[in-house]
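Written below as structure tokens is the structure these notes are about.
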Ligand SMILES: [Zn+2]
């Protein structure tokens, strides 16, 4: 069998891993490259393989760097199905819809500012393309629910374990009959962090597997404890309550938003923080929270213990509002504190969060709470680095609000957890480290090699193929 890595390796996004056996050409994930518009536009306009030759697509989860090129795959001639959990299908529907909308707005903007004679900008895909993608999904339940393999085609079956990364995320084990020989290949997708609220811990693989594609985002980093993070959040909320200020939280619509809501709910119920108004002001976050409510099979034991048992829902409570209209969002501009606004985007690059920053950044009673990784050249990064003045929509603002960082709610496993994950797989021979920057992945590679000299540990490059 041949394994080729077309993206999502050596530090780049755009996960696309192709496994070619006798009769099967299986594509694991089909994500977009993310980064500056100029470079990625070109990379995301074409596929590096023939779409019509693919026989099946397995989707690990609904993040855009894993699912964003599915519309292109179908437009390029893919005729088959997309296998994923039901929650991943529903997440993907919203994520792609949002991406199509952003692309349309981008294209409109570029066309308005077009130099005469230049070509009209077109979105990479539209809502019709998204609908077509969603119609191709085949729902595969986690093996903990079904108790058995899912037969995908003659000589090909699969199992989904919970990856604990975001709602619906799965670790795939593929079993292939290749010229009469049974082979197993596993792909972690993105692995979550153990102990986070709402989402279950990653499940280890119980089958014997020869080849593992292991993510390595934090291959060289260890996370601090979640208890510390919750304590810090508690202090921040109490502080702001006393001052009558506001907490503005730029966050990602999926994952971090729901985890924060969960923890704030717990802190409120246990009277560790006062019952103050909390607003989730992001249409995408609200839609994804509804998907959460539809899929209780994706919750962890802890949420049942904390909320389910007493008939309570983790993501809704009395003083929490999901704003719907632009009007409701605007009304927050005039409302006196104390209260909390959770809004997208996570790196302060677009969306409603910019309006909330404009309104609140110059008031020293307020706190801007940063909860996730901030890429270079983003407004979020400048705030974390202590900028005194920032530009938003062409206007300058003085940063008088306090900037706090809470990185512990990470949706990725750390170096120790990744190491343990590989070590728990029986009869493993080959490990391919994917989804990590080279500095992170190479340290994990060294550690894995030291642990077991019989393992072959590879850092594949884009376009590289291996016989497995
Ligand atoms: Zn992800």
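Some notes on this structure:
- Residue within the stretch 76-87 that is assigned to a helix (DSSP H, G or I), at pLDDT 95 or above and under 18 Å from residue 152 (Cα atoms) present: yes
Yes/no per residue for (1) at pLDDT below 95; (2) loosely packed, with under 13 Cβ neighbours inside 10 Å; (3) touching a helix residue (DSSP H, G or I) at 6+ places or on another chain (Cβ under 8 Å); (4) outside any loop (DSSP other than H, G, I, E, B):
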{"position": "119", "(1), (2), (3), (4)": "yes, yes, no, no"}
{"position": "138", "(1), (2), (3), (4)": "no, no, no, yes"}
{"position": "148", "(1), (2), (3), (4)": "no, yes, no, no"}
{"position": "157", "(1), (2), (3), (4)": "no, no, no, yes"}
{"position": "166", "(1), (2), (3), (4)": "yes, no, yes, no"}
{"position": "173", "(1), (2), (3), (4)": "no, no, no, yes"}
{"position": "177", "(1), (2), (3), (4)": "yes, no, no, yes"}
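- Members of the stretch 55-72 that are within 13 Å of the ligand (Cβ to nearest atom) and in a helix (DSSP H, G or I): 64, 65, 66, 67
- Among (1) in contact with a strand residue (DSSP E or B) (Cβ under 8 Å, 6 or more places away or on another chain); (2) assigned to a loop (DSSP other than H, G, I, E, B); (3) closer than 24 Å to residue 444 by Cβ - the single one residue 10 does not satisfy: (1)
- Within the stretch 100-117, tally of residues that are in contact (Cβ under 8 Å) with a residue 40 or more places away in the chain and touching a helix residue (DSSP H, G or I) at 6+ places or on another chain (Cβ under 9 Å): 1
- Criterion (out of contact with any helix residue (DSSP H, G or I) (no Cβ under 8 Å at 6 or more places or on another chain) and either more than 16 Å from the ligand (Cβ to nearest atom) or touching a residue at least 24 places away in the same chain (Cβ under 8 Å) (or both)) met by exactly one of 75, 79, 16: 16
- Scan of the stretch 390-401 for residues that are more than 17 Å from residue 347 (Cα to Cα), without any contact (Cβ under 8 Å) to a residue 40 or more places away in the chain and part of a strand (DSSP E or B), ordered by number: 395, 396, 398
- Every residue from the stretch 432-448 that is surrounded by fewer than 23 Cβ atoms within 10 Å (Cβ to Cβ) and more than 16 Å from the ligand (Cβ to nearest atom): 438, 439, 442, 443, 445, 446, 447, 448
- Taken together, the criteria place residue 32 among residues that are touching a helix residue (DSSP H, G or I) at 6+ places or on another chain (Cβ under 8 Å), within 16 Å of the ligand (Cβ to nearest atom) and closer than 26 Å to residue 467 by Cα.
- The listed residue being surrounded by 13 or more Cβ atoms within 10 Å (Cβ to Cβ) and in a loop (DSSP other than H, G, I, E, B), out of 428, 383, 418: 428
- The stretch 330-360: number of residues that are surrounded by fewer than 21 Cβ atoms within 10 Å (Cβ to Cβ), in contact with a strand residue (DSSP E or B) (Cβ under 7 Å, 6 or more places away or on another chain) and without any contact (Cβ under 8 Å) to a residue 60 or more places away in the chain: 2
- Test for residue 205: is it out of contact with any strand residue (DSSP E or B) (no Cβ under 7 Å at 6 or more places or on another chain), in a loop (DSSP other than H, G, I, E, B) and within 23 Å of residue 82 (Cα to Cα): no
- Checking residue 52 against (1) away from the ligand (no atom under 15 Å from the Cβ); (2) crowded, with 21+ Cβ neighbours inside 10 Å; (3) not in a loop (DSSP other than H, G, I, E, B), the condition it does not meet: (2)
- The single condition among (1) crowded, with 16+ Cβ neighbours inside 10 Å; (2) more than 19 Å from residue 21 (Cβ to Cβ); (3) in contact (Cβ under 8 Å) with a residue 40 or more places away in the chain; (4) away from the ligand (no atom under 16 Å from the Cβ) that residue 43 does not meet is (3).
- Selection status of residue 413, closer than 30 Å to residue 187 by Cα and either within 16 Å of the ligand (Cβ to nearest atom) or free of Cβ contacts under 8 Å to residues at least 24 places away in the same chain (or both): yes
- Among the residues of the stretch 179-216, the ones that are crowded, with 24+ Cβ neighbours inside 10 Å, farther than 13 Å from residue 158 by Cβ and away from the ligand (no atom under 16 Å from the Cβ) come to 1 in all.
The values are calculated or read from the model by the stated rules, or taken from the named source; none is laboratory data. Just so it is clear, the structure is predicted and the values come from calculations on it, not from any experiment. Here Cβ is always computed from backbone atoms with ideal geometry, including for glycine, and neighbour counts include all displayed protein chains.
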